[in-house]
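For reference, the structure is listed below as structure tokens.
The values are calculated or read from the model by the stated rules, or taken from the named source; none is laboratory data. In this text the structure is predicted, and so the values were computed from the model without any measurement. All Cβ positions, glycine included, derive from the backbone under ideal geometry; neighbour counts span all protein chains shown. The area values use the complete protein model at the heavy-atom level, side chains included, leaving out ligands, DNA and RNA. Shrake-Rupley method; radii C 1.70, N 1.55, O 1.52, S 1.80 Å.
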Amino acid sequence: MLQSFKLCNLVLSRSFSGYVSRMRYLTRLKEDDEACREALKSGNFLLYHKLSPLLRKTSSSIYKLASLKTSDLEQILEKVGKDKLFVNESFLLGCTDMGEPQFSLEVGDIDRSALEQECRGMFVDLRKAFFMLPGPESPLAAKGQALLRWHQTNCFCSATGQPTVRNQSGSLRVCHSSGITYYPKMAPVVIVLVSDGSRCLLARQAMFPPGMYSALSGFCDMGESVEEALRREVAEEVGLEVENLQYSGSQHWPFPQSSFMLACHATVNPDKTQVNIDKAELEDARWFTYEEISEALQKPPSDPRRDPPVFWVPPSYAIANQLIQEWANQQQLSRKLHGIK
Ligand SMILES: NC(=O)c1ccc[n+]([C@@H]2O[C@H](COP(=O)([O-])OP(=O)(O)OC[C@H]3O[C@@H](n4cnc5c(N)ncnc54)[C@H](O)[C@@H]3O)[C@@H](O)[C@H]2O)c1
Ligand SMILES: [Mg+2]
């Protein structure tokens, strides 16, 4: 069985591009428990302590996700008094560009400082880790946490109350009593940057850090399209009617519990820009000029413990930042065309 699996992978990697063979390999690992157990023997593991990922400082003093090989992880587990079979509790995350499988493992029931010492790293709250990690590592850290959280909160069938059982990869859980299969879920959220042609509309919730304003956002209701959700959210939160919706991109967002952010641009009639804020949702919503936005994009987020609350926008790992950046680029281009400095 294993031999034929390896042969099959070899044939795949010769006949397809690297990307296609990696995706086919992952599909196989998701569906085939034995193949996944085998992959655990040569995996890369991200560790989480009560959902905080393990980071390590590199020789060039930047922080990266600590990725442990199977043999290293087994040795560490034995040193902290845990059976090395604990590795099998990991969940499949993906694979590296070299085709090595990646897993996440929750180690919250092991002594944190002993683990940090053995791993030469530290467990960091995910929100803080986002500020410390290089750009491409944040989505992986978020995915690892989201998958662990989903399994921790879906141990029982909502129809029967009976325990659900995971497959080896962690791509699903089954209730053997009802036969229901549960798959990891994300809640769709629309996020929209509204423009009146020369200004953009940003808002803040009372829970945001002082001074931070972001694009309008909201969870999609059951049965809604992205376009419907977006028009409704803007109407509800600031009392405006948007038009010209344009898709920009998407992002998995681990807070509060795995959202799927769908980001768009939209415009309003420049004669109808009076905002009427829903104070239950938002503390403030304001129109910002190109000058205010480009200044905010150039400065790092302020530290609320040190700085007075000045206006700033979400950092680059948040899709709100992408929307704001795109709007600023578009404004810059149109100002150039019209000879405005
Ligand atoms: N990545 C980014 O750039 C970015 C930017 C803005 C918001 N966000 C995320 O988008 C999420 C939603 O934005 P919002 O707060 O403006 O939404 P919102 O305007 O829909 O208001 C949130 C309220 O909606 C209700 N709600 C409905 N469905 C929900 C669900 N599935 N899960 C939780 N609450 C639900 C709750 O009462 C909640 O208090 C936020 O939690 C935030 O983490 C991400
Ligand atoms: Mg909202």
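Structure summary
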quantity	calculated
In the range 252-266, the residues that are of a type in the set (S, T, N, Q) and open to solvent by 40 Å² or more (accessible area, probe 1.4 Å)	257
Residue within the range 62-71 that is at pLDDT below 95, out of contact with any strand residue (DSSP E or B) (no Cβ under 8 Å at 6 or more places or on another chain) and more than 28 Å from residue 21 (Cα to Cα) present	yes
Conditions (1) out of contact with any Leu (no Cβ under 8 Å at 6 or more places or on another chain); (2) farther than 17 Å from residue 30 by Cβ; (3) charged (D, E, K, R); number of the one not met by residue 100	(2)
Subset of the range 199-220 (residues that are near ligand 1 (Cβ under 8 Å from one of its atoms) and surrounded by fewer than 19 Cβ atoms within 10 Å (Cβ to Cβ))	205, 218, 219
The range 1-44 - residue that is open to solvent by 60 Å² or more (accessible area, probe 1.4 Å) and outside any helix (DSSP H, G or I) and, of those, modelled with the highest pLDDT	17
Number of the exception - residue 234 against (1) within 16 Å of ligand 2 (Cβ to nearest atom); (2) more than 24 Å from the chain's Cα centre (by Cα)	(2)
Residue 270 in a loop (DSSP other than H, G, I, E, B), loosely packed, with under 15 Cβ neighbours inside 10 Å and within 16 Å of ligand 2 (Cβ to nearest atom)	no
Top-ranked residue of the range 129-155 - restricted to ones that are outside any loop (DSSP other than H, G, I, E, B) and polar (S, T, N, Q), ranked as most open to solvent (accessible area, probe 1.4 Å)	152
Every residue from the range 239-293 that is away from ligand 1 (no atom under 16 Å from the Cβ) and of a type in the set (Asp, Glu)	241, 243, 271, 291, 292
Pair list, Cβ under 6 Å, 6 or more apart: the range 70-94 residue of a type in the set (Asp, Glu), other residue at pLDDT below 95 and surrounded by 14 or more Cβ atoms within 10 Å (Cβ to Cβ)	74/84; 78/84
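Results for (1) in contact (Cβ under 8 Å) with a residue 60 or more places away in the chain; (2) β-branched (Val, Ile, Thr), shown as yes or no for each residue.
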{"residue": "203", "(1), (2)": "yes, no"}
{"residue": "233", "(1), (2)": "no, no"}
{"residue": "238", "(1), (2)": "no, yes"}
{"residue": "242", "(1), (2)": "no, yes"}
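Yes or no, residue by residue, for (1) within 16 Å of ligand 2 (Cβ to nearest atom); (2) in contact with a Phe, Trp or Tyr (Cβ under 7 Å, 6 or more places away or on another chain); (3) of a type in the set (Gly, Ala, Ser); (4) closer than 30 Å to residue 240 by Cα:
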{"residue": "170", "(1), (2), (3), (4)": "no, yes, yes, no"}
{"residue": "175", "(1), (2), (3), (4)": "no, no, no, no"}
{"residue": "180", "(1), (2), (3), (4)": "no, no, no, no"}
{"residue": "219", "(1), (2), (3), (4)": "yes, no, no, yes"}
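Conditions tested, residue by residue: (1) in a helix (DSSP H, G or I); (2) not hydrophobic (A, V, I, L, M, F, W, C).
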position	(1), (2)
185	no, yes
190	no, no
201	no, no
227	yes, yes
232	yes, yes
236	yes, yes
